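The values are calculated or read from the model by the stated rules, or taken from the named source; none is laboratory data. Bear in mind that the values here come from a model prediction, so they are computed numbers and not experimental data. Note: ideal-geometry Cβ built from the backbone for every residue, glycine included; neighbour counts use all protein chains shown.
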Amino acid sequence: MPTSGSVEPWLAALLRPRAVAIVGASDDPKKDGARPLRFLRKHGYSGAVYPVNPRRDTVLGEKAWPSLEALPERPDHIYIVGAAERVEDAVVEAARLGVPAATVLADGFAEMGDEGRARQDRLVACAAKGGLRLLGPNSMGVINVVDRIPFTTNAALEASTLLPGRLMALSQSGSLIGTLLSRGAARGIGFAHLVSVGNEADLDVGAIGEAATALPEVDAFLLFLETLRRPDRLARFARAAHTAGKPIIAYKLGRSPEAQALAVSHTGALLGSDQAADAFFRDHGILRVDQFEALLELPALLKGRRPDATRAGRPVAVVTTTGGGGAMAVDRLGGAGVALAGASPALRERVKAVHGLEVKGGRLIDVTLAGARYEVMKAVLDGLLDSGEYAAVIAAIGSSAQFLPERAVQPIIDSAGHETPLAAVPLPQADRALEMLAEGGVAGFRTVEAMADAVRAFLAWAPPRDLAVGTVPALGPLLPGALLDEAAGLSLLDRLGISTVERRRLEQDEAVPEGLTYPVALKALSADLPHKTEAGAVMLGLADRAAVDAARAAVRARLAVSAPEARLDGWLIQSMVRGVGEALMGYRLDPEAGPVITVGVGGIFAELYRDVAVRLAPVDLATARAMIGEVKGFAALAGWRGRPVGDLEALASAVVALSRLALDPERQVEEAEANPVIVTETGAVAVDALVRIAG
């Protein structure tokens with residue numbers, strides 16, 4: 001089968017094999033091991049198929065072969081469907097014979113713990129010796145729809161026909177490739193290829209996706225992710241896809257708060273809600289959706305389009321033939337943070353003069369009184385689309401979409417092709433209307449929730465961001481696994497070039513020195529007290545030496561009750577810093593996304609407000625400024641209602657400096673947080689620091 005000259009040989013073998021073998025093929029048509037052979041025959045695969053089963057002469061009526069070595073030719077792709085204990089032998093044999101690609105169905109590998117991971121690592125090493133590329137383990141296989149090669153165990157292939165299209169799905173869940181295939185077919189949305197990546201022991205989403213950007217039959221990629229494995233490869237995939245003009249849309253699990261309890265710092269807790277993954281997707285130009293249906297429906301809105309930073313500054317128009325349904329669309333879009341605008345006075349006058357219809361002002365363009373009149377809807381849509389004022393136009397269709405789909409949908413289809421994107425959402429159950437929209441190349445959404453989710457993602461779509469470069473910071477000796485006390489943490493911030501509070505460290509019983517400028521703050525130094533306020537280990541506004549001595553006694557008494565196991569290493573006396581407001585900034589090595597930087601409203605209520613912006617680290621000054629602009633609470637620091645103006649530029653510089661921890665090639669710092677950072681009228685000063693060293 002012909003392949004493009006620019007396609008990796010292993011990818012051609014994976015997707016377009018001229019001959020395949022099924023190792024462990026079952027003769028029982030009810031078993032998973034029988035499905036690849038059944039599905040290949042059912043859907044008309046034209047290449048050679050070799051069932052391998054040394055215990056049988058035939059499998060499902062076809063000749064069975066005792067081994068790969070016994071085959072009359074070397075297959076391009078083998079599917080190992082036998083038990084886990086027999087997989088390694090099959091991989092060794094395939095590698096020795098020079099087979100280019102193998103998929104492994106069996107479980108019992110890395111997902112089972114250390115023993116399983118060791119077994120999986122051996123598998124990859126055996127394959128690599130012969131240049132064999134592995135898909136899986138735990139992979140339900142590969143479905144090439146355009147060439148009718150369903151090399152899979154997914155039961156969705158029991159379907160009588162497959163609908164070809166120009167989408168490629170890469171899924172960490174095997175069952176979801178069948179879900180996407182069947183749901184897409186019901187909507188007239190077809191696929192070119194679907195791949196179940198399983199454990200990603202060798203071939204992963206990033207590697208397959210990057211290579212697949214060269215496939216001429218693929219226009220866009222859909223990802224179903226449970227985690228971000230090998231983010232560096234995902235980043236290369238995203239960059240290649242952007243260069244090729246092929247959007248990537250991701251649906252990722254993990255929008256739950258359970259991970260927050262695992263983090264030490266406020267920053268870690270704030271990132272437990274999947275914001276690090278959001279930052280990864282945004283900074284690499286990947287559109288993330290929260291509605292599963294939007295994963296299928298968004299590609300039509302993106303067709304032929306590129307990321308455009310100006311879109312976010314323009315509103316969206318909603319035109320409707322159902323007042324209540326249109327209001328639902330407006331409500332969901334507004335809730336997703338999408339700005340909305342109605343028709344211009346000129347357009348309203350033109351519709352009234354030509355069609356006798358009064359279109360009211362306001363954010364919803366309601367033409368319900370015109371019924372399903374083609375000429376009215378077409379005139380309004382064309383006027384909106386031609387104006388260039390809108391980032392997108394949405395048509396919310398009423399009951400006519402169900403009972404008169406040709407009349408309801410045709411003006412929308414005929415209005416497509418403008419530079420401004422057009423999409424439609426029928427409010428009733430209107431399967432035929434959605435099919436017509438798909439056939440006409442118009443993005444159709446089954447629910448207003450999916451529509452709003454998709455539009456939000458579309459407006460936020462940006463090209464991959466080039467991460468900042470700079471000098472590697474000199475961090476000094478750091479003990480692996482240590483949680484630094486506050487004095488050591490502030491010293492590390494000093495080395496990064498961040499302004500920190502004036503301070504004096506005292507041993508446990510050291511006398512308070514002369515010459516301090518009062519008032520001061522007193523803090524207990526202990527790596528066992530990451531959050532001192534909660535433990536009662538902070539005293540503020542101490543006016544003289546006597547007050548400091550009394551405060552030390554009081555803190556000792558409190559800690560005896562609140563944290564009796566905490567080791568007290570000494571005391572930190574700090575100058576009191578007053579400013580316009582408080583900020584938090586934090587750096588963290590996220591286990592999935594890699595280094596991330598956070599800035600938000602600071603103080604003890606940081607986790608309560610969760611008003612933060614997150615990016616991959618390191619960042620430049622322009623990105624830091626943009627992050628600060630996203631934090632709602634910082635409006636109070638920008639002269640809100642006559643308040644003093646805080647030095648947000650100094651805060652941006654501090655964020656840049658902290659993000660430089662990502663430039664350390666050894667990635668020694670796992671978490672580093674300054675909270676609060678006091679933003680004054682002439683600077684930004686870190687007065688508290690929490691640093692954890694990796695290891």
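Observations on the model:
- For Leu222, the requirement of being over 30 Å from Asp121 (Cα atoms) and under 22 Å from the mean Cα position of the chain (by Cα) is not met.
- Qualifying residue in region 601-610 (condition: modelled with pLDDT of 95 or more, out of contact with any His (no Cβ under 8 Å at 6 or more places or on another chain) and among the hydroxyl-bearing types (Ser, Thr, Tyr)): no
- Residue match in region 383-405 (condition: among the charged types (D, E, K, R) and over 29 Å from Ala309 (Cα atoms)): no
- Positions within region 477-501 being of a type outside the set (Lys, Arg), within 18 Å of Ala654 (Cβ to Cβ) and in contact (Cβ under 8 Å) with a residue 12 or more places away in the chain, in sequence order: Glu486, Gly489, Leu490, Leu492, Leu493, Leu496, Gly497, Ile498, Ser499, Thr500, Val501
- Scanning region 340-348 turns up one or more residues that are exposed (fewer than 15 other Cβ atoms within 10 Å of the Cβ) and not polar (S, T, N, Q).
- Where Ala650 falls short, out of the listed (1) out of contact with any Gly (no Cβ under 7 Å at 6 or more places or on another chain); (2) surrounded by fewer than 24 Cβ atoms within 10 Å (Cβ to Cβ): (1)
- Those helices (runs of 4 or more DSSP H) of region 388-485 in which at least 1 residues are within 24 Å of Arg166 (Cβ to Cβ), considering only elements entirely within it, cover 405-414, 431-439, 448-460.
- Within region 427-451, residues that are modelled with pLDDT of 90 or more have Cβ atoms under 7 Å from residues that are of a type in the set (A, V, I, L, M) and part of a loop (DSSP other than H, G, I, E, B) in these pairs: Ala438/Ile189; Gly440/Ala416; Gly441/Ala416; Val442/Ala416, counting only partners at least 6 apart in sequence or on another chain.
- Options Glu502, Glu486, Glu565, Glu582: the member that is exposed (fewer than 13 other Cβ atoms within 10 Å of the Cβ) and charged (D, E, K, R): Glu565
Yes/no per residue for (1) within 20 Å of Asp202 (Cα to Cα); (2) of a type in the set (Gly, Ala, Ser):
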position	(1), (2)
Gly136	yes, yes
Ile143	yes, no
Leu163	no, no
Ile177	yes, no
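- Complete set of residues in region 492-544 that are of a type outside the set (D, E, K, R), on the phi < 0 side of the Ramachandran plot and touching a Pro at 6+ places or on another chain (Cβ under 7 Å): Leu496, Leu542, Ala543
- Residue in region 43-54 that is over 29 Å from Ala128 (Cβ atoms), surrounded by fewer than 16 Cβ atoms within 10 Å (Cβ to Cβ) and out of contact with any helix residue (DSSP H, G or I) (no Cβ under 6 Å at 6 or more places or on another chain) present: yes
- Filter result for Ala401 (buried (at least 21 other Cβ atoms within 10 Å of the Cβ) and under 21 Å from Ala452 (Cα atoms)): yes
- Test result for Ala155, surrounded by fewer than 16 Cβ atoms within 10 Å (Cβ to Cβ), over 28 Å from Ala185 (Cα atoms) and aliphatic (A, V, I, L, M): no
- Residue list for region 93-109, filter: at pLDDT 95 or above and either in a helix (DSSP H, G or I) or not aliphatic (A, V, I, L, M) (or both): Glu93, Ala94, Ala95, Arg96, Leu97, Gly98, Pro100, Thr103
- Considering residues of region 518-559 that are buried (at least 17 other Cβ atoms within 10 Å of the Cβ) and among the basic types (Lys, Arg) only, the residue nearest to Gln574 (Cα to Cα): Lys523
- Pick from region 658-695, criterion among the small types (Gly, Ala, Ser) and either buried (at least 19 other Cβ atoms within 10 Å of the Cβ) or touching a Phe, Trp or Tyr at 6+ places or on another chain (Cβ under 9 Å) (or both), ranking: farthest from Leu483 (Cα to Cα): Ala684
- Residue list for region 103-120, filter: surrounded by fewer than 18 Cβ atoms within 10 Å (Cβ to Cβ) and closer than 24 Å to Thr153 by Cα: Asp107, Gly108, Glu111, Met112, Gly116, Arg117
- Flag for Ala185 being surrounded by fewer than 24 Cβ atoms within 10 Å (Cβ to Cβ), in contact with a strand residue (DSSP E or B) (Cβ under 7 Å, 6 or more places away or on another chain) and not basic (Lys, Arg): no
- For Ala13: the one exception among (1) of a type in the set (A, V, I, L, M); (2) more than 17 Å from Gly130 (Cα to Cα); (3) crowded, with 16+ Cβ neighbours inside 10 Å; (4) touching a strand residue (DSSP E or B) at 6+ places or on another chain (Cβ under 6 Å): (2)
- Selection count where residues are assigned to a loop (DSSP other than H, G, I, E, B) and polar (S, T, N, Q), scope region 671-688: 2
- Of all the residues in region 207-222, those that are closer than 30 Å to Gly113 by Cα and surrounded by fewer than 24 Cβ atoms within 10 Å (Cβ to Cβ) number 2.
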